[in-house]
Amino acid sequence: MSGRDLFCQPRRIRRGAVLTLVFASVLVAGAATGSFSEGDRKSPSGAARSAVPAGHHEDVAKAAEQAMADGKSPMEAAERAVSRSGDRWGAVYSEGEYQEFEEALDGRYTGVGLWARRERDGRIEVTKVAAGSPAAAAGIRKGDRLYSIDGQKVDGQPVTEVVSLLRGDATDAAAGTAVRLGMQRGTRAWTETLRRARLSTDSVAVRKLADGVTVIRIAAFTKGSGEVVRTAVRQAPAGAGIILDLRGNSGGLVTEAVTTASAFLDGGLVATYDVNGEQQALHAAPGGDTTRPLVALVDGGTMSAAELLTGALQDRGRAVVVGSRTFGKGSVQMPRQLPGGSVAELTVGHYRTPSGRSVDGRGITPDLDVTSQGQAAVERAETVLGGLGDAD
């Protein structure tokens, strides 16, 4: 299966994927990852499964065809048809948007190299600046406040909207286009004009703790991320535990999630899924490390491909899952090209964990509920790892 899991387009807050499992995400569609506050993120318990009528793919295609014949916008007609269908995760993308998504999954994007989050008081704070990016060249630092984009105040805005403004409209988001940022550091306020550039994402970060524990943080399953994880596992100190940090991981390429599972499993089932009623299965490759202690760290921003991986490790008894309940995105979308070049991503089924659990609208419940955030959560996971080592 060549499953894909696309990043949501923040400009219209669309959600979709390229083929099979789609995981709504707020990753770098252009400039910043979305670190949602609780007010931004819809609770998994409130995420009802879509009752999508059979054949709505044809309805959407016919609506687009009729609009084109009438001299109207086929994309707008398709969007209306998707809205009427009740397909919660269905979406329609322009040809350019779809290409941007595919590039993002390849680990490339156009932006300024800023990651940001919304603080409790509504301020937008820079959490990371990509090395070699336009933002880094301008001297912007982690902890700086971003208060305006092209003259528009961003305090109190959802991170997705901030990303949208940084990204620009589809017509002005190309490399070389300018964006004016209002910044503040302490009492100093200034305006910086940056030019967007083609950048690469680093979706996997590996670090060693003082006690030899390896922390592997996966921000998203972009191309090649699974092999990076497998290499990190092979290079980890013998017998030392691993913390697989999946917090805020909103999905990515399903094949990369399965490759990641293969780093910890010796073959066997990772998940099952259905496409229009036909059952399919995903299996790990043999030869993974099945002995060293493993903790999967998750939260409400852990979605789709990351939930698929978490459910497999939990059901197979391979990892202790620590954190808070995951988002609950377990539906399957498939693409269809429409007249005019746009693409519709429409729900065709759902996936399940190896034990048969449905994730959609439910999420994954951790083995140990931990409300701590940031490094404190990693320290709790480290404590759990120590207990697993003692048990061995």
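The strands (runs of 3 or more DSSP E) located wholly in the stretch 82-169 that include 2 or more residues which are open to solvent by less than 10 Å² (accessible area, probe 1.4 Å) and at pLDDT 80 or above occupy 91-93, 114-118, 124-129, 145-149. Looking across Asp289, Asp360, one residue alone is buried (at least 20 other Cβ atoms within 10 Å of the Cβ), acidic (Asp, Glu) and in a loop (DSSP other than H, G, I, E, B). It is Asp360. Please work out which residue is farthest from Tyr109 (Cα to Cα), limiting yourself to the stretch 211-239 and to residues that are charged (D, E, K, R) and outside any loop (DSSP other than H, G, I, E, B). Residue satisfying both the conditions and the ranking: Arg234.
Within the stretch 231-252, which residues are out of contact with any helix residue (DSSP H, G or I) (no Cβ under 6 Å at 6 or more places or on another chain), among the aliphatic types (A, V, I, L, M) and crowded, with 23+ Cβ neighbours inside 10 Å? If you could, list the steps in order and put the result at the bottom.
Initial filter on the stretch 231-252 (out of contact with any helix residue (DSSP H, G or I) (no Cβ under 6 Å at 6 or more places or on another chain)): 231-240, 242, 244-245, 247-248, 250.
Within this subset, residues satisfying the condition of being among the aliphatic types (A, V, I, L, M) are 232-233, 236, 238, 240, 242, 244.
Matches in the stretch 231-252: Ile242, Leu244.
Residues satisfying the criterion are present in the stretch 292-307 (criterion: touching a Lys or Arg at 6+ places or on another chain (Cβ under 8 Å), touching a residue at least 60 places away in the same chain (Cβ under 8 Å) and under 21 Å from Tyr93 (Cβ atoms)).
Checking the stretch 36-50 against the condition returns no match, with no residue being at negative phi, open to solvent by 10 Å² or more (accessible area, probe 1.4 Å), among the polar types (S, T, N, Q) and at pLDDT 75 or above.
Is one or more of the residues making up the stretch 259-281 in a helix (DSSP H, G or I) and open to solvent by 10 Å² or more (accessible area, probe 1.4 Å)? Yes, that holds for at least one residue. State yes or no: is Glu227 more than 16 Å from Gln375 (Cα to Cα), buried (at least 16 other Cβ atoms within 10 Å of the Cβ) and among the acidic types (Asp, Glu)? No.
Take the conditions at pLDDT 95 or above and open to solvent by less than 10 Å² (accessible area, probe 1.4 Å) and apply them to Val215. Does it pass? Considered against the rule, which asks whether it is at pLDDT 95 or above and open to solvent by less than 10 Å² (accessible area, probe 1.4 Å), Val215 comes out as yes.
Would it be correct to say that Ser358 is of a type in the set (S, T, N, Q), in contact with a strand residue (DSSP E or B) (Cβ under 8 Å, 6 or more places away or on another chain) and within 30 Å of Lys62 (Cα to Cα)?
Considered against the rule, which asks whether it is of a type in the set (S, T, N, Q), in contact with a strand residue (DSSP E or B) (Cβ under 8 Å, 6 or more places away or on another chain) and within 30 Å of Lys62 (Cα to Cα), Ser358 comes out as no.
Scanning the stretch 194-212 for residues that are open to solvent by less than 90 Å² (accessible area, probe 1.4 Å) and touching a strand residue (DSSP E or B) at 6+ places or on another chain (Cβ under 8 Å) yields Leu194, Arg196, Ala197, Leu199, Ser200, Thr201, Ser203, Val204, Ala205, Val206, Leu209. The residue pairs whose first member lies in the stretch 308-327 and is on the phi > 0 side of the Ramachandran plot, whose second member is open to solvent by less than 30 Å² (accessible area, probe 1.4 Å), and whose beta carbons are closer than 6 Å, counting only pairs six or more residues apart or on different chains, are Gly323/Leu297; Gly323/Val298; Gly323/Pro366; Gly323/Val370. Restricting attention to the stretch 336-357, the residues that are in contact with a helix residue (DSSP H, G or I) (Cβ under 7 Å, 6 or more places away or on another chain) and not in a strand (DSSP E or B) total 9. Put simply, of Ala381, Ala312 the only residue that is modelled with pLDDT under 90 and either of a type in the set (A, V, I, L, M) or part of a helix (DSSP H, G or I) (or both) is Ala381. Filter the stretch 104-125 down to the residues that are among the aliphatic types (A, V, I, L, M), within 17 Å of the chain's Cα centre (by Cα) and within 17 Å of Ile140 (Cβ to Cβ) and list them by number. Correct list: Leu114, Ala116. Gly182 fails exactly one of the following numbered conditions: (1) in contact (Cβ under 8 Å) with a residue 60 or more places away in the chain; (2) open to solvent by less than 60 Å² (accessible area, probe 1.4 Å); (3) small (Gly, Ala, Ser). What is the number of that condition? Exception for Gly182: condition (1).
The values are calculated or read from the model by the stated rules, or taken from the named source; none is laboratory data. Every value quoted in this text rests on a predicted model; they were computed, and no experiment measured them. Note that each Cβ is placed from the backbone with ideal geometry, even for glycine, and that neighbours are counted across all protein chains shown. Note: accessible area is taken over every heavy atom of the protein model, side chains too, but ligands, DNA and RNA are not part of it. Shrake-Rupley method; radii C 1.70, N 1.55, O 1.52, S 1.80 Å.
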